[in-house]
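The values are calculated or read from the model by the stated rules, or taken from the named source; none is laboratory data. Quick caveat, the model's predicted, so the values are computed rather than measured. A quick note on method: Cβ atoms are made from the backbone with ideal geometry, for glycine too, and the neighbour counts reach across all protein chains shown. Surface accessibility is based on the protein's heavy atoms, side chains included, excluding ligands, DNA and RNA. Shrake-Rupley method; radii C 1.70, N 1.55, O 1.52, S 1.80 Å.
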Amino acid sequence: MTFAYRVSEYFRPFSLAVLFGLATALPIQAADFDLDALIAAAKAEPPITVYDSTGKIVSIGENFTAKYGIQATGQKVSAKAQLEMIIREAQANNVQGDVVMITDAPAAIAQLIPQGFVESYLPGDMVEKIDASYHNPLTVTTNANLWVYNSEVYDSCPVSNMWELTQPEWSGRVAIVDPLLKGTYTDWFSQMAAHGDDAVANAYADHFGKPLATDQASATAAWVKAFGENGPLVTEGDDQVSEAVGAKGQAEPFFGLMSSAKFRDIEGKDYALAVCKDMAPWVGWTYSKLGLIASGTDSPNAAKLFIHFVLTEEGIAPQMADGKVPTNSDIQMPDDEPSGLASVADKLFSYNSESGLEDFDTRQDWQDFWRLSYRR
C-alpha cells in the first residue's frame, strides 16, 4: 500500500504556510523580558479560561490564581473538542478559551496557527531553558504512552519485542485506545514510518531471525497490518486499557499500551501495573502538548503570564505527577512519579515535530489502513 499525499483545498494554503516556517509566533526578546511588568499588565486585564485535556488544569488554574491574584479557570476539554471550540470562537469573535493546552499538535500546526486563531509565545527568560525544537510552536510538555503488563500475574514483562504482539499467543489479548478515536495513535504510526522504520525492521529480524520481506509501503505499515489482524482489544480511552491490564484477580490479563497518567490507578484503584522496561525497539512513545494563546483574547498579558507559569516547576507540578515531562530542562521529574517514566526516558520513541504536518496530512490514510487491517 502506498499512502497518497492528501491535503484538502481548504487546508492547503495554511499547510504550506507552516511548511515554510510562517507559523504565527509572538516576538521573543530575552533581553527585554520583564516578569514584574508582565504581572502588572496582567492584573489590569479580565480573568482567563484555559483549555486542557487533563483535569489537572483545574488545580493549575487555582494555583495560578492563588499566586498572582489573577483569576484563571481551568476547563478539561478533549483535544478534538478544543479544535472545534477554538475555531468557532475565533470565527464568532467571541473568545472564551484564552489559553490552549493541546495534545493534537499536528492539527494545531495545520489548522489553528496558520489561520491566525492562536499564537505561540515563548517567554524571554525561558529561551535558554527550552530546547530550540520546542520553541515554535511552544511545546510545554511531552506526554508518554507506555507498554504495560499486570505485575500481579507476571514477575517481569512477558513481551520483549513489538513483533510478538502480531503472534497467535497475543491474539485478542492486547488492549489499546482505538486509533480511529485518538489522533495521536495514527500520528504514532506516521512518526514510526518517517523516523523509526529501520528500528521496526530490525526488531522483526531480531525476533524472527530473518529480514522483513513485505509488500507494504514500510516496515511500520507491515507491523500495523499484522498487529491489527491479530485482533487487539480497542477501547474508548486509557481508563479501559488500565483496567483490562491492571485489575487484580485475573488469570490471563491483557497486555496494553496506555498513558503514563494512568499509573495513578495503582494507588487509586489498587491495580497491578508495570512498565515493560526492556521491550524492543521502544518501551513506548511520546507526543507533544502545545501551549498556545488565542489571538482574540481580551487578556493577552494574563495569557502570557499563564504560559510562563506552566513552564515553571511550580506551575506544571500537578501534571508532572501524571508523567508529563516538562520541556524546561531545569525541571526534574519527581522521584515518586508512579510510572517511573524518568528511568525509561531514553527508551521512548520521541515525537519529532518536524514532520507534524505530514502526520496531519496522512492521518486519514492511516485511519483507513487501520480500519482495513483490524480484525475483531
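Taking the 0 to 90 degree range and rounding to the nearest ten, how far is the long axis of helix 56-68 tilted relative to the main principal axis of the chain, both from C-alpha atoms?
Tilt relative to the chain: about 30 degrees.
Is segment 287-376 best put as rounded, prolate or oblate by its Cα gyration tensor, with a ≥ b ≥ c the root eigenvalues, rounded for a/c under 1.5, and otherwise prolate when a/b is larger than b/c, oblate when not?
Working: a/c = 2.59, a/b = 1.30, b/c = 2.00.
Since a/c reaches 1.5 but b/c is at least a/b, the shape of segment 287-376 is classed as oblate.
Select from G196, P46, P168 the residue farthest towards the positive end of the dipole of the chain; place +1 on Cβ of Lys and Arg, -1 on Cβ of Asp and Glu, and compute about the Cα centre.
P168
Give, rounded to the nearest 20 debye, the magnitude of the charge dipole that the chain has about its Cα centre when Lys and Arg contribute +1 at Cβ and Asp and Glu contribute -1 at Cβ.
Numbers: 26 positive and 50 negative charges, 157 e Å.
Its charge dipole is roughly 760 debye.
Pairs of alpha-carbon atoms within less than 8 angstrom and 6+ residues apart define the contacts here; what relative contact order does segment 208-279 have, in percent? Please list the in-between numbers first.
Numbers: 41 pairs, mean separation 16.6, N = 72.
Here the relative contact order equals 23 percent.
Which residues make up the longest stretch of the chain that has no GluC sites (Glu not before Pro) in a DSSP loop with at most 12 other Cβ atoms within 10 Å? If you can, show how the numbers build up before the last one.
Working: sites that count: E9, E128, E236.
Answer from the scan: 237-376.
For segment 25-143, what relative contact order do you get, as a whole percent, if you take Cα pairs closer than 8 Å and at least 6 residues apart? Don't skip to the answer; put the middle values down first.
Working: 145 pairs, mean separation 36.5, N = 119.
Normalised by residue count, the contact order of segment 25-143 is 31 percent.
Just to be sure I understand the model, the point goes 7 Å from the Cα along the line to the Cβ. What's the resulting D330 to A81 distance in nm?
3.5
At a Förster distance of 45 Å, what's the computed FRET efficiency of A66 paired with Q364, Cβ-Cβ distance as r, to 0.05?
Working: r = 44 Å, r/R0 = 0.97.
It comes out at approximately 0.55.
Which of these values of P(r) over Cα pairs in 10 Å bins from 0, in percent was calculated from the structure shown: [x] 4, 16, 17, 12, 11, 14, 12, 6, 3, 3, 2, 1, 0; [y] 5, 22, 32, 28, 11, 2, 0; [z] 5, 23, 32, 24, 12, 3, 0?
The calculated read-out lines up with [z].
Restricting things to alpha carbons, find the Rg to Rh ratio for segment 228-332 using the Kirkwood radius for Rh.
Working: Rg = 18.0 Å, Rh = 16.7 Å.
When Rh is taken as the Kirkwood radius, the ratio is 1.08.
Projected onto the charge dipole of segment 326-376 (+1 at Lys/Arg Cβ, -1 at Asp/Glu Cβ, origin at the Cα centre), which of F369, Y351, L341 gives the Cα projection farthest towards the positive end?
F369
What is the distance, in nm, between label points placed 7 Å from the Cα along the Cα-to-Cβ direction at A44 and at K248?
5.9
What FRET efficiency, computed as 1/(1 + (r/R0)^6) with R0 = 30 Å and r the Cβ-Cβ distance, is obtained for K277 and Q167, rounded to the nearest 0.05? Before the final figure, lay out the partial values.
Numbers: r = 21 Å, r/R0 = 0.69.
E between K277 and Q167, to the nearest 0.05, is 0.90.
Per DSSP H run of n ≥ 4, the term is -39500 (n - 2.57); total these for the chain, divide by its residue number, and report the mean residue ellipticity at 222 nm rounded to 500 deg cm²/dmol.
Taking each H run of at least 4 residues, the total per residue is -10000 deg cm²/dmol.
Would you mind checking the pairs K248/K289; K56/K80; K76/K225; K76/K269 and listing those with alpha carbons more than 28 angstrom apart? Spell out each step's value before the answer.
On the way: K248/K289 32 Å; K56/K80 18 Å; K76/K225 34 Å; K76/K269 22 Å.
Violating the 28 Å Cα-Cα cut-off are K248/K289; K76/K225.
Keeping all protein chains in place and using 1.4 angstrom, which order do F189, F117 fall into by accessible surface area, from largest down? Write down the numbers at each step before the final one.
On the way: F189 5, F117 30 Å².
If we order F189, F117 from most to least accessible, we get F117, F189.
In debye, nearest 20: dipole of segment 242-356 around its Cα centre with unit charges on the Cβ of K, R (+) and D, E (-)? The partial results should precede the final answer.
Details: 9 positive and 16 negative charges, 54 e Å.
Computed charge dipole of segment 242-356: roughly 260 debye.
Test of understanding: what is the full-extension gain from L180 to V127, defined as 0.36 nm times their sequence separation minus their Cα-Cα distance? Please list the in-between numbers first.
Working: separation 53, 0.36 × 53 = 19.08 nm, distance 3.65 nm.
Stretched out fully, the L180 to V127 stretch lengthens by 15.4 nm.
Over the chain, calculate the relative contact order: mean separation of alpha carbon pairs under 8 Å at least 6 apart, over the residue count, as a percent. Walk me through the numbers on the way to the answer.
Numbers: 737 pairs, mean separation 103.9, N = 376.
The value is 28 percent.
Rounded if a/c is under 1.5, else prolate if a/b beats b/c, else oblate: with a ≥ b ≥ c from the C-alpha gyration tensor eigenvalues square-rooted, which is segment 67-108? Let's see the in-between values first.
Values: a/c = 2.48, a/b = 1.39, b/c = 1.78.
Oblate, because a/c is 1.5 or more while a/b does not exceed b/c.
Can you compute the FRET efficiency between D36 and Q91 using 1/(1 + (r/R0)^6), with r the Cβ-Cβ distance and R0 = 45 Å? Round to the nearest 0.05.
Values: r = 36 Å, r/R0 = 0.80.
Working from the Cβ atoms, E equals 0.80.
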